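Below you'll find the structure, written out as structure tokens, and then a few comments.
The values are calculated or read from the model by the stated rules, or taken from the named source; none is laboratory data. Keep in mind that this is a model prediction, so the values were computed, not measured. Because the Cβ atoms are built from the backbone with ideal geometry, glycine has one as well, and the counts that use them run over all protein chains shown.
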Amino acid sequence: MGARYEIRFSGSGGQGMILAGIIMAEAASIYEDKNAVQSQSYGPESRGGASKAEVIISNQPIDYPKSTSIDCMLAMTQEACTKYYKDVKAGGILLVDTDEVKTLPKGGFRLLSFPIIETARKELGKTIVANIISLGMITELTGIVSRESIEKSVLSRVPAAFLDLNKKALAIGFERAAALK
């Protein structure tokens, strides 16, 4: 890992992008003893407008808490992709939901597409865990935190009744991202 690794989770309000950012930051800072900062931005709508959460992870002190050159970005909607993809650096990763992002941007990044929301619906019966599938995918694709750390972080944030569902969602994310590598 370099001095700084920047991740952006983007989608629409209500998709759990901010929670995903918090979980990733906690996985790095609590379970792996790395430095992490998390920030978020969303429109005035609590549901529907483009939203993003950003996480910076580093083995060294983080001197500037804003993302400037994104290493990995998730786009769950077309609006979020169009609005936020330009900051993905050359050689970075842009992961998009195949069913939601139809106009694919071009750039020097690696573009990966996967039907995240539809997979959550078909395999788990709940689209609400699409963000957890995404966390599994990003963990597998980047290796920025371990599978164990992200699982501990996810499970510390969900009610007991949903532990199994979230474990399954993470496992799906790990598995599907490994196939995309």
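Tell me which residues, restricted to the range 30-48, are modelled with pLDDT under 90 and either of a type in the set (Ser, Thr, Tyr) or within 21 Å of Leu95 (Cβ to Cβ) (or both).
Ser41, Tyr42, Ser46
What are the pairs, 6+ residues apart or on separate chains, where a residue within the range 159-181 that is over 15 Å from Asn131 (Cβ atoms) has its Cβ under 6 Å from a residue that is not hydrophobic (A, V, I, L, M, F, W, C)?
Sorted first by the residue in the range 159-181, then by its partner, the pairs are Ala178/Glu140.
Yes or no, residue by residue, for (1) closer than 27 Å to Ala179 by Cβ; (2) touching a strand residue (DSSP E or B) at 6+ places or on another chain (Cβ under 9 Å); (3) crowded, with 23+ Cβ neighbours inside 10 Å; (4) basic (Lys, Arg):
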position	(1), (2), (3), (4)
Arg4	no, yes, no, yes
Phe9	yes, yes, yes, no
Glu32	yes, yes, no, no
Ser41	no, yes, no, no
Thr68	no, yes, no, no
Gly91	yes, yes, no, no
Gly108	yes, yes, no, no
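Would you mind telling me which numbered condition in (1) in a helix (DSSP H, G or I); (2) small (Gly, Ala, Ser); (3) more than 17 Å from Asn131 (Cβ to Cβ) Ser67 fails?
Answer for Ser67: the failing condition is (1).
For the range 76-90, how many residues are in contact with an Asp or Glu (Cβ under 7 Å, 6 or more places away or on another chain) and outside any loop (DSSP other than H, G, I, E, B)?
2
When you scan the range 97-107, do you find a residue that is among the small types (Gly, Ala, Ser), under 14 Å from the mean Cα position of the chain (by Cα) and closer than 20 Å to Ile70 by Cβ, even just one?
Applying the first criterion (among the small types (Gly, Ala, Ser)) to the range 97-107 yields 107.
Now restrict to residues that are under 14 Å from the mean Cα position of the chain (by Cα): none.
No, the conditions are met nowhere in the range 97-107.
Determine which member of the set Ile128, Ile132, Ile138, Ile93 is over 27 Å from Lys34 (Cβ atoms), touching a residue at least 24 places away in the same chain (Cβ under 8 Å) and either part of a loop (DSSP other than H, G, I, E, B) or of a type outside the set (S, T, N, Q) (or both).
Numbers: Ile132 fails: over 27 Å from Lys34 (Cβ atoms); Ile138 fails: over 27 Å from Lys34 (Cβ atoms); Ile93 fails: over 27 Å from Lys34 (Cβ atoms).
Going through Ile128, Ile132, Ile138, Ile93 in turn, the sole match is Ile128.
Scan the range 141-152 for residues that are buried (at least 24 other Cβ atoms within 10 Å of the Cβ) and assigned to a helix (DSSP H, G or I) and report the count.
1
Given Ala27, Ala53, which one is more than 19 Å from Thr77 (Cα to Cα), modelled with pLDDT of 90 or more and either in a strand (DSSP E or B) or hydrophobic (A, V, I, L, M, F, W, C) (or both)?
Working: Ala53 fails: more than 19 Å from Thr77 (Cα to Cα).
On inspection, the qualifying residue turns out to be Ala27.
Of everything in the range 153-167 that's touching an Asp or Glu at 6+ places or on another chain (Cβ under 8 Å) and assigned to a helix (DSSP H, G or I), which residue is surrounded by the fewest Cβ atoms within 10 Å (Cβ to Cβ)?
Looking at the filtered set, the residue picked out is Lys167.
Every residue in the range 122-145 that is of a type in the set (S, T, N, Q) and closer than 15 Å to Ala53 by Cβ, please.
Asn131, Ser134
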